[in-house]
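S.K.: Got a structure for you, written out below as structure tokens; questions coming shortly.
The values are calculated or read from the model by the stated rules, or taken from the named source; none is laboratory data. What you are looking at is a predicted structure, and each value in this text was computed from that prediction instead of being measured. Don't worry about glycine lacking a Cβ; one is built from the backbone with ideal geometry, like all the others, and counts go over all protein chains shown. What goes into the accessible areas is simple: the full protein's heavy atoms, side chains included, and nothing from ligands, DNA or RNA. Shrake-Rupley method; radii C 1.70, N 1.55, O 1.52, S 1.80 Å.
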Amino acid sequence: MIHLNENFTKLKASYLFSDIAKRVTAFTQANPDKPVIRLGIGDVTEPLPPVCVAAMHAATEEMAHRATFRGYGPEQGYAFLREAIAQNDYEARQCPIEADEIFVSDGAKCDCGNIQEIFSLDTRLAIPDPVYPVYIDTNVMAGRTGPSVDGRYQGVTYLDSTPANGYVPAIPSVATDLIYLCFPNNPTGAVATKAQLAEWVAYAKKNQAIILYDSAYEAYIRDPQIPHSIYEIPGARDVAIEFRSFSKTAGFTGTRCAYTVVPKSLQAFDTAGKGHSVHALWNRRHTTKFNGVAYPIQKAAAAIFTPEGKKQVKDMTDFYLGNAALIRAAVAKLGFSCVGGDNAPYIWVNTGRDSWEFFDMLLTKAQVVCTPGAGFGKCGEGHVRISAFNSRANVETALARIAAALK
Ligand code: PLP
């Protein structure tokens, strides 16, 4: 008899965004004359930067000719892309990261979900609340947690992000081994300072732990004091892995390209206490289970590091941040406190009300879809996330409707 992996039965029955989709579909079916504006799911709306499209076309043309056709590429990514990343995202910020420490992939979701495979099942986890649900769910699937009791999986150290700590969690009082951090944060949009990250690096060093740093939204940071990479913190390359994505940086959500940085100095320990290279383990895992990102996509990704590419990416992220500024101002005018939106495409609104109730109210009274904070963790209750990923016209209409609904 085939047995299932019972850890999967511990997962909450459905994914947040499918619950939202069900409610939105029910509303639109009942109210076909009331068009809904979606400021919920964090998908981009603007087309790819022209430099990326041109590079993709040129690379596709290469694939059409015997002399320039390419089959399997290196699993870790082509050197042209790894070198461009190392130079522009790391060397330019004085971060000591080499091209061969960068693993190109088809998504930060897969990478931050898969990375846990190389660590033992008794690894003690520290996971922010609220946060991108993939970190906890993939550890639940692997069997690294107990069941969910009162909205929290047993055995996990949750890092509470609340109005009291400005949505930047404090260092836990207990030792943990694998620490997930996400800045700029999804869903709160909060960012961490160098001093705050330095404390995490010191904590990880002290505990021989590893930080998994998800900076999928770093392209939205505008405050020059805020670090874009954990490797801006001295010593971080001995304790941290970093995830980055072209999805929110350059509109690649449907194109798929991301990367993970695993420094060669990073170690994990066997039961005898002997250190092993995490880079070698991840390389083994990646080359066994992944066969590389398509050549035209890697060419498109590399194009964002050209002078025109940098300008086009800045214009695109500035555009979404312009939406975010409008949302922040409108929310403040309605008397709510909020964070995010200044260095991130998300605005985290403290509604002081049940988050699904607030979601339903916005849907039915304003025909605007937001994301209920409770879907991102227990501390998300009382909040909703509003996304800046939409056209300017839709954002303006949505804000006018919200203001009217809340009058
Ligand atoms: N990390 C965070 C924090 C995200 O919010 C998202 C997507 O929403 C991802 C990773 C996934 O990125 P990708 O599109 O590269 O899989």
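S.K.: Name, by its number, the condition in (1) within 14 Å of the ligand (Cβ to nearest atom); (2) closer than 21 Å to residue 97 by Cβ that does not hold for residue 255.
M.R.: (2)
S.K.: Just the residues that are in a helix (DSSP H, G or I) and closer than 30 Å to residue 304 by Cα, please, taken from the stretch 18-55.
M.R.: Answer for the stretch 18-55, where residues must be in a helix (DSSP H, G or I) and closer than 30 Å to residue 304 by Cα: 50, 51, 52, 53, 54, 55.
S.K.: Right, another one. Considering only residues that are over 11 Å from residue 11 (Cβ atoms) and surrounded by fewer than 16 Cβ atoms within 10 Å (Cβ to Cβ), which ones fall in the stretch 135-151?
M.R.: Result: 143, 146, 149, 150, 151.
S.K.: Considering the stretch 254-279 alone, what residues qualify as being of a type in the set (A, V, I, L, M) and open to solvent by less than 80 Å² (accessible area, probe 1.4 Å)?
M.R.: Applying the first criterion (of a type in the set (A, V, I, L, M)) to the stretch 254-279 yields 258, 261-262, 266, 268, 272, 278.
Selection gives 258, 261, 262, 266, 268, 278.
S.K.: Please work out if residue 378 is more than 25 Å from the chain's Cα centre (by Cα) and surrounded by fewer than 22 Cβ atoms within 10 Å (Cβ to Cβ). So that I can check it myself, show each step before the final result.
M.R.: Details: more than 25 Å from the chain's Cα centre (by Cα): no; surrounded by fewer than 22 Cβ atoms within 10 Å (Cβ to Cβ): yes.
No, not satisfied.
This table checks each residue for (1) β-branched (Val, Ile, Thr); (2) away from the ligand (no atom under 14 Å from the Cβ); (3) out of contact with any helix residue (DSSP H, G or I) (no Cβ under 9 Å at 6 or more places or on another chain); (4) not assigned by TED's automatic domain parsing to the domain that holds residue 112.
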residue: 184; (1), (2), (3), (4): no, no, no, no
residue: 224; (1), (2), (3), (4): no, yes, yes, no
residue: 235; (1), (2), (3), (4): no, yes, no, no
residue: 246; (1), (2), (3), (4): no, no, no, no
residue: 279; (1), (2), (3), (4): no, yes, no, no
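S.K.: Right, another one. Scan the stretch 291-300 and give yes if some residue there is of a type in the set (A, V, I, L, M), open to solvent by 50 Å² or more (accessible area, probe 1.4 Å) and away from the ligand (no atom under 16 Å from the Cβ), otherwise no.
M.R.: Residues of the stretch 291-300 that are of a type in the set (A, V, I, L, M), as a first pass: 293-294, 297, 300.
Now restrict to residues that are open to solvent by 50 Å² or more (accessible area, probe 1.4 Å): 294.
If we keep only those that are away from the ligand (no atom under 16 Å from the Cβ) too, we end up with none.
No, every residue in the stretch 291-300 fails to be of a type in the set (A, V, I, L, M), open to solvent by 50 Å² or more (accessible area, probe 1.4 Å) and away from the ligand (no atom under 16 Å from the Cβ).
S.K.: Considering only the stretch 168-190, state which residues are over 13 Å from the mean Cα position of the chain (by Cα) and within 28 Å of residue 323 (Cβ to Cβ).
M.R.: Pass one, the stretch 168-190, residues over 13 Å from the mean Cα position of the chain (by Cα): 168-179.
Within the stretch 168-190, 168, 169 meet the criteria.
S.K.: Something else now. Only one of these conditions is not met by residue 58: (1) surrounded by fewer than 19 Cβ atoms within 10 Å (Cβ to Cβ); (2) part of a loop (DSSP other than H, G, I, E, B); (3) away from the ligand (no atom under 16 Å from the Cβ). Which number is it?
M.R.: Only one criterion is unmet by residue 58, namely (2).
S.K.: Follow-up. Quick one: count up the residues across the stretch 197-226 that are part of a loop (DSSP other than H, G, I, E, B) and either touching a residue at least 60 places away in the same chain (Cβ under 8 Å) or surrounded by fewer than 21 Cβ atoms within 10 Å (Cβ to Cβ) (or both).
M.R.: If we filter the stretch 197-226 for residues that are part of a loop (DSSP other than H, G, I, E, B), which is where we start, we get 208-209, 215-217, 221-226.
The next check asks that each one be either touching a residue at least 60 places away in the same chain (Cβ under 8 Å) or surrounded by fewer than 21 Cβ atoms within 10 Å (Cβ to Cβ) (or both); those that pass are 208-209, 216-217, 221-226.
Final tally of qualifying residues: 10.
S.K.: Quick check on this structure: which one of 385, 401, 328, 353 is outside the structural domain of residue 249 (by TED's automatic domain parsing) and in a strand (DSSP E or B)?
M.R.: Numbers: 401 fails: in a strand (DSSP E or B); 328 fails: in a strand (DSSP E or B); 353 fails: in a strand (DSSP E or B).
Unique residue meeting the criteria: 385.
S.K.: What residue, of 122, 106, 129, is open to solvent by 40 Å² or more (accessible area, probe 1.4 Å) and away from the ligand (no atom under 12 Å from the Cβ)? Can you show your working first?
M.R.: On the way: 106 fails: away from the ligand (no atom under 12 Å from the Cβ); 129 fails: open to solvent by 40 Å² or more (accessible area, probe 1.4 Å).
Answer to the check: 122.
S.K.: Residue 75 is checked against (1) within 14 Å of the ligand (Cβ to nearest atom); (2) over 16 Å from the mean Cα position of the chain (by Cα); (3) of a type in the set (D, E, K, R) and fails just one. What number does that condition carry?
M.R.: Evaluating residue 75 over (1) within 14 Å of the ligand (Cβ to nearest atom); (2) over 16 Å from the mean Cα position of the chain (by Cα); (3) of a type in the set (D, E, K, R) leaves (1) as the failure.
S.K.: Next question. Within the stretch 303-327, how many residues are more than 20 Å from the chain's Cα centre (by Cα) and buried (at least 21 other Cβ atoms within 10 Å of the Cβ)?
M.R.: Initially, the stretch 303-327 is screened for residues more than 20 Å from the chain's Cα centre (by Cα), giving 303, 305-312, 315, 322, 325-327.
Those still in the list that are buried (at least 21 other Cβ atoms within 10 Å of the Cβ) too: 303, 309, 327.
Number satisfying all stated conditions: 3.
S.K.: Starting from the stretch 253-272, take each residue that is touching a residue at least 24 places away in the same chain (Cβ under 8 Å) and list its partners that are away from the ligand (no atom under 14 Å from the Cβ) and among the basic types (Lys, Arg), counting only C-beta distances under 7 angstrom and pairs at least six apart or across chains.
M.R.: 263/237; 265/237
S.K.: If you don't mind, another one. Write out, first by first residue and then by second, each pair whose Cβ atoms fall under 7 Å of each other, whose residues are 6+ apart or on separate chains, and whose first residue, in the stretch 238-251, is in contact (Cβ under 8 Å) with a residue 60 or more places away in the chain while the second is in a strand (DSSP E or B) and polar (S, T, N, Q).
M.R.: Pairs that qualify, where the first residue is in contact (Cβ under 8 Å) with a residue 60 or more places away in the chain and the partner is in a strand (DSSP E or B) and polar (S, T, N, Q), are 241/260; 243/260.
S.K.: Still on this structure, please answer the following. Could you please tell me which pairs satisfy a Cβ distance under 7 Å, a separation of 6+ or placement on different chains, a first residue in the stretch 161-185 that is aromatic (Phe, Trp, Tyr), and a second residue that is more than 15 Å from the ligand (Cβ to nearest atom) and open to solvent by 10 Å² or more (accessible area, probe 1.4 Å)?
M.R.: Within 7 Å, the pairs are 167/339.
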